[in-house]
Amino acid sequence: MTDKNSSGLDHQNPDLAEAEQTDEKLVAERRRKLDAIRAAGIAFPNDFVRRDLAQPLQDQYGATEAEALAAAAVNVAVAGRIMLKRVMGKASFATIQDMSGRIQVYVSVDDTGADVMEAFKHYDSGDIISVEGALFKTKKGELTVRAKTLRLLTKSLRPLPEKFHGLTDQEMKYRQRYVDLIVNEDTRAVFARRSQIIQSVRSTLIDDGFLEVETPMMHPIPGGAAARPFTTHHNALDMQLFLRIAPELYLKRLVVGGLEKVFEVNRNFRNEGMSTRHNPEFTMLEFYAAYWRYEQLMTFIEGMLRRAAEQITGNALVTYQGKTIDFAKPFERLTITGAIRKYRPDITDEELSDRNRIIHRLNAMKVAFREHDGLGGLQLTLFEATAESQLFDPTYIIDYPAEVSPLARRSDANPDITERFELFIAGREIANGFSELNDPEDQAARFLEQVKQKEAGDYEAMHYDADYIRALEYGLPPTGGAGIGIDRLVMLLTDSPSIRDVILFPHMRPE
């Protein structure tokens with residue numbers, strides 16, 4: 001066990017212990033300052049009205065000559081967090097940061113009076129202040145607000161990370177995202193882009209006539225995907241409920257009801273492991289269109305992602321982890337066996353057609369597989385082990401086996417496969433879609449097969465959803481549907497290596 005003193009500081013990391021002691025002293029000093037502010041009046045005033053933001057002021061007046069700016073007498077009212085402060089006798093400078101960017105503030109005894117100037121000298125980095133005054137240019141040409149009135153709005157009790165290095169500890173960035181956002185401009189840019197990406201895909205759907213809807217997040221039966229659900233309990237109804245693993249079955253109920261083109265940007269919850277590409281709760285886009293087949297879905301998604309890339313990066317070329325992805329090029333399309341043969345030409349078509357030989361191959365590669373899987377399921381496992389990570393350029397894998405696609409429509413030409421695709425980019429799945437199964441009797445049979453798999457120990461297998469079967473019996477038109485992983489798409493378009501980099505508050509082990 002690590003030896004600790006009475007303060008709880010870790011003696012086996014003297015640098016950390018010294019930093020924590022320093023922080024404790026700084027927090028204590030700031031609390032004393034807050035006590036003095038409370039004694040003098042209102043400590044957290046709430047009557048300031050901000051009129052201006054930093055970046056729009058920079059955009060509008062940053063190139064204006066000093067003389068012209070002085071003649072214009074532009075008065076502004078800004079507010080933000082002190083990021084830098086330089087005290088120089090009777091005049092001082094500070095840089096404040098708001099949601100849009102940063103702007104410099106000039107504080108002098110002549111403009112604000114001695115009392116305000118003296119109070120300003122005791123302000124700390126991280127404090128939030130309001131400033132009213134006229135814009136001017138310094139001798140170095142920096143746009144600056146000459147403070148006429150200046151007030152402390154919020155006292156920051158904790159010091160910000162060291163200004164030249166910011167918050168660099170990756171785990172701390174995830175745990176204390178609020179600090180990460182304050183000090184790291186790159187982090188703020190990632191989440192601004194995330195919002196723009198979601199807006200882009202939403203606009204693409206709305207422009208095509210889709211209706212945005214909301215479906216339940218608590219389900220009496222988990223369905224729509226093969227995954228282990230989170231469970232909860234509704235006290236008033238005294239019933240077990242499941243956090244949704246997918247909205248699919250509800251969205252298709254809406255298509256049955258006549259809402260022929262629907263979509264939802266939704267939160268899903270899956271009780272699974274965590275990795276650089278998995279988080280227990282994540283954001284998905286799912287959309288469904290009556291009278292579409294899976295080929296139309298692939299074409300539509302290709303255009304949607306190309307548009308998002310162009311809107312976010314300015315062109316269709318995206319750099320991800322040092323490699324370039326060209327979204328302007330047509331996406332490649334391969335079958336599961338075709339992808340295996342492309343990236344592992346030593347594996348023959350004859351081997352891929354023989355269940356026992358695939359098992360032998362998987363055992364030799366020390367790849368785990370499910371004993372009850374048929375030929376199609378084993379082919380998928382082999383694909384995941386040999387080819388999936390090689391699919392860096394956008395690639396559709398098509399025609400999935402029926403046994404691993406319980407909600408997809410069988411191919412009329414070959415009932416052992418379905419009209420299904422998955423889109424892979426940078427070696428990871430980005431989208432999944434198919435021509436929907438609208439035969440209620442076939443769907444009921446596949447649900448029953450899933451129940452058998454669950455009884456055999458597959459905790460990710462689906463439940464039998466009797467109400468969904470009833471909905472299909474009213475008639476689901478020929479329909480195509482797809483889901484796109486928003487978090488993984490944001491990773492691609494922001495060059496982020498981990499899903500935790502694009503989720504504001506990723507799940508973490510307790511501190």
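The values are calculated or read from the model by the stated rules, or taken from the named source; none is laboratory data. Keep in mind that this is a model prediction, so the values were computed, not measured. Positions of Cβ are generated from backbone atoms using ideal geometry, with glycine treated the same way; all protein chains shown enter the neighbour counts. The protein model used for the area step is the full one, side chains on, heavy atoms only, and it has no ligands, DNA or RNA in it. Shrake-Rupley method; radii C 1.70, N 1.55, O 1.52, S 1.80 Å.
A few comments on the model shown:
- For residue 1, the criteria (1) modelled with pLDDT of 95 or more; (2) open to solvent by 60 Å² or more (accessible area, probe 1.4 Å) hold in every case but one, which is (1).
- Matching residues, the range 261-310, being over 30 Å from residue 230 (Cα atoms) and assigned to a strand (DSSP E or B): 290
- Within the range 117-169, tally of residues that are in a strand (DSSP E or B) and under 19 Å from residue 183 (Cα atoms): 3
- Restricting the range 414-450 to residues that are β-branched (Val, Ile, Thr) and farther than 30 Å from residue 324 by Cα, the residue that is farthest from the chain's Cα centre (by Cα) is 417.
- Among the residues making up the range 41-92, those that are open to solvent by 40 Å² or more (accessible area, probe 1.4 Å) and part of a strand (DSSP E or B) are 75, 81, 84, 85, 86, 87, 88.
- Condition met for residue 371 (at pLDDT below 95, open to solvent by 50 Å² or more (accessible area, probe 1.4 Å) and under 29 Å from the mean Cα position of the chain (by Cα)): no
- Filtered by the rule that a residue be part of a helix (DSSP H, G or I) and closer than 16 Å to residue 508 by Cβ, the range 170-186 gives 170, 171, 172, 173, 174, 175, 177, 178, 179, 180.
- When residue 468 is tested against (1) open to solvent by less than 10 Å² (accessible area, probe 1.4 Å); (2) free of Cβ contacts under 8 Å to residues at least 60 places away in the same chain; (3) in contact with a helix residue (DSSP H, G or I) (Cβ under 8 Å, 6 or more places away or on another chain); (4) within 18 Å of residue 248 (Cβ to Cβ), just one condition goes unmet, and that condition is (2).
- For the range 273-286, the criterion of a residue being of a type in the set (Val, Ile, Thr), crowded, with 19+ Cβ neighbours inside 10 Å and either more than 20 Å from the chain's Cα centre (by Cα) or within 25 Å of residue 194 (Cβ to Cβ) (or both) is satisfied by at least one position.
- Any hit, the range 203-210, residues being in contact with a Leu (Cβ under 6 Å, 6 or more places away or on another chain), part of a loop (DSSP other than H, G, I, E, B) and over 25 Å from residue 84 (Cα atoms): no
- Any hit, the range 118-130, residues being in contact with a Phe, Trp or Tyr (Cβ under 8 Å, 6 or more places away or on another chain) and surrounded by 20 or more Cβ atoms within 10 Å (Cβ to Cβ): yes
Residues checked against (1) in contact with a strand residue (DSSP E or B) (Cβ under 9 Å, 6 or more places away or on another chain); (2) polar (S, T, N, Q); (3) farther than 23 Å from residue 299 by Cα:
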{"residue": "395", "(1), (2), (3)": "yes, yes, no"}
{"residue": "405", "(1), (2), (3)": "yes, yes, no"}
{"residue": "415", "(1), (2), (3)": "no, no, yes"}
{"residue": "420", "(1), (2), (3)": "yes, no, no"}
{"residue": "442", "(1), (2), (3)": "yes, no, yes"}
{"residue": "470", "(1), (2), (3)": "no, no, yes"}
{"residue": "489", "(1), (2), (3)": "yes, no, no"}
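- Complete set of residues in the range 212-226 that are more than 23 Å from the chain's Cα centre (by Cα) and surrounded by fewer than 20 Cβ atoms within 10 Å (Cβ to Cβ): 220, 221
- In a residue-by-residue description of the range 380-395, the property of being in contact with a helix residue (DSSP H, G or I) (Cβ under 8 Å, 6 or more places away or on another chain), open to solvent by less than 30 Å² (accessible area, probe 1.4 Å) and in contact (Cβ under 8 Å) with a residue 60 or more places away in the chain applies to at least one position.
- Restricted to the range 93-116, and to residues there that are outside any strand (DSSP E or B) and under 34 Å from the mean Cα position of the chain (by Cα), the residue that is surrounded by the fewest Cβ atoms within 10 Å (Cβ to Cβ) is 99.
- Which numbered condition residue 188 misses (of (1) among the basic types (Lys, Arg); (2) more than 26 Å from residue 407 (Cβ to Cβ); (3) in contact with an Asp or Glu (Cβ under 7 Å, 6 or more places away or on another chain)): (3)
- Search result, residues across the range 471-511 that are in contact with a Gly (Cβ under 8 Å, 6 or more places away or on another chain) and open to solvent by 20 Å² or more (accessible area, probe 1.4 Å): none
- Residue within the range 432-445 that is without any contact (Cβ under 8 Å) to a residue 24 or more places away in the chain, open to solvent by 10 Å² or more (accessible area, probe 1.4 Å) and more than 23 Å from residue 385 (Cα to Cα) present: yes
- Members of the range 144-178 that are among the aliphatic types (A, V, I, L, M), at pLDDT 95 or above and open to solvent by less than 30 Å² (accessible area, probe 1.4 Å): 145, 147, 150, 152, 153
- Residue count, the range 454-477 (criterion: closer than 14 Å to residue 436 by Cβ and part of a loop (DSSP other than H, G, I, E, B)): 3
- All conditions but one from (1) part of a strand (DSSP E or B); (2) surrounded by 15 or more Cβ atoms within 10 Å (Cβ to Cβ) apply to residue 233; the one that does not is (2).
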